[in-house]
Amino acid sequence: MFRKTIIITGASSGLGAALAIKYSNVANKLFLFGRSEQRLEQIATICRENGAYVTGIIADVTDAALMRQHLDDIASEHGIDIVIACAGVSAGTLDGPETQAQALKIFATNINGVLNTVMPVIPHMISKRGGNIAIVSSMAGFLGLSSAPSYSASKGAVRLFSDALRGYLKKYGINVSTIIPGYITTPMTEVNNFPMPFKIDAERAAHKIIHGIAKNKGVIAFPLLMYFFLKLLNLLPSGFITYINAKLPAKPAFEEI
């Protein structure tokens with residue numbers, strides 16, 4: 001039986017876990033990356049019960065050498081059809097400005113972690129002239145949020161990287177999807193003590209993402225109303241944006257991968 005080989009980082013919780021479970025069936029081979037062995041094994045067990053071939057891999061996406069080794073091994077033995085760079089961390093400013101340590105951690109995971117996940121698979125996909133790469137950004141990547149400066153910057157960086165990569169890899173038959181979600185019910189948002197409009201559960205978000213990847217959509221954004229609002233907001237004078245931004249509620253210091 002032909003099976004698709006699907007790699008998901010950040011698969012031990014939140015959106016990554018929801019994607020793994022949603023993809024789990026007899027037609028797929030799943031390679032799930034995460035840092036928590038216990039949580040990852042719980043997700044892997046559910047996926048196996050759904051009929052998928054599953055391998056759980058304990059790895060930190062910031063470890064470039066380790067990620068490349070695992071990804072090269074997977075590509076050599078199984079090939080790679082879909083890779084989803086989902087691992088991410090967040091930290092807020094509730095107790096004061098972000099520290100340098102927070103900023104470095106966020107950039108290392110949210111930017112370098114994406115590069116460490118995506119770059120090693122590109123040569124393998126080019127050699128077979130096909131594949132899907134999906135990179136998880138965020139609505140926060142459209143606006144430098146005062147409540148989460150480094151998170152916003154990191155998600156903006158990977159959004160632009162993903163958009164550029166899409167054009168670069170098109171000639172090789174490789175599809176690149178930029179995933180731009182709004183608020184999703186995950187451990188990362190559970191600590192927020194402010195209104196989160198249009199929030200959806202992780203299962204529904206995973207359904208939208210999987211459907212978009214299957215359709216080779218370049219941008220998978222939801223909710224669309226928030227997506228278009230933020231794009232329009234960026235057209236307003238910078239002083240007005242700064243005024244609004246300064247009024248945003250603080251986000252608790254928290255991280256999740």
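The values are calculated or read from the model by the stated rules, or taken from the named source; none is laboratory data. All values reported here derive from a predicted model rather than from experimental measurement. Here Cβ is always computed from backbone atoms with ideal geometry, including for glycine, and neighbour counts include all displayed protein chains. Side chains are part of the model used for accessible areas, which takes the heavy atoms of the whole protein and leaves out ligands, DNA and RNA. Shrake-Rupley method; radii C 1.70, N 1.55, O 1.52, S 1.80 Å.
Worth a mention:
- Criterion applied to Arg39, Arg68 was being open to solvent by 50 Å² or more (accessible area, probe 1.4 Å), more than 18 Å from Glu203 (Cβ to Cβ) and touching a residue at least 24 places away in the same chain (Cβ under 8 Å), and the one residue passing it is Arg68.
- Flag set for Ala148, criterion: of a type in the set (A, V, I, L, M, F, W, C) and modelled with pLDDT under 90.
- Residue identified as buried (at least 21 other Cβ atoms within 10 Å of the Cβ) and more than 14 Å from the chain's Cα centre (by Cα) among Val158, Val89, Val121, Val136: Val121
- Residue in region 185-199 that is among the aliphatic types (A, V, I, L, M), out of contact with any His (no Cβ under 6 Å at 6 or more places or on another chain), at pLDDT 90 or above and part of a helix (DSSP H, G or I) present: no
- Looking across region 27-36 at every residue that is open to solvent by 20 Å² or more (accessible area, probe 1.4 Å) and small (Gly, Ala, Ser), the one that is nearest to Lys105 (Cα to Cα) is identified as Ser36.
- Looking across Ser12, Ser24, one residue alone is buried (at least 16 other Cβ atoms within 10 Å of the Cβ) and either in contact (Cβ under 8 Å) with a residue 40 or more places away in the chain or under 21 Å from Gly88 (Cβ atoms) (or both). It is Ser12.
- Residues considered: Ala91, Ala59, Ala64, Ala75. Of these, the only one that is closer than 24 Å to Ser147 by Cβ and either modelled with pLDDT of 95 or more or not β-branched (Val, Ile, Thr) (or both) is Ala91.
- Filtered residue count, region 46-65, keeping only those that are aliphatic (A, V, I, L, M) and surrounded by fewer than 17 Cβ atoms within 10 Å (Cβ to Cβ): 4
- Among residues of region 206-225 that are without any contact (Cβ under 8 Å) to a residue 60 or more places away in the chain, those with a beta-carbon under 8 Å from a residue that is in a loop (DSSP other than H, G, I, E, B) and of a type outside the set (Gly, Ala, Ser) at least six positions away or on a different chain give the pairs Pro223/Phe198; Leu225/Phe198.
- Total residues in region 6-27, condition outside any helix (DSSP H, G or I) and on the phi > 0 side of the Ramachandran plot: 1
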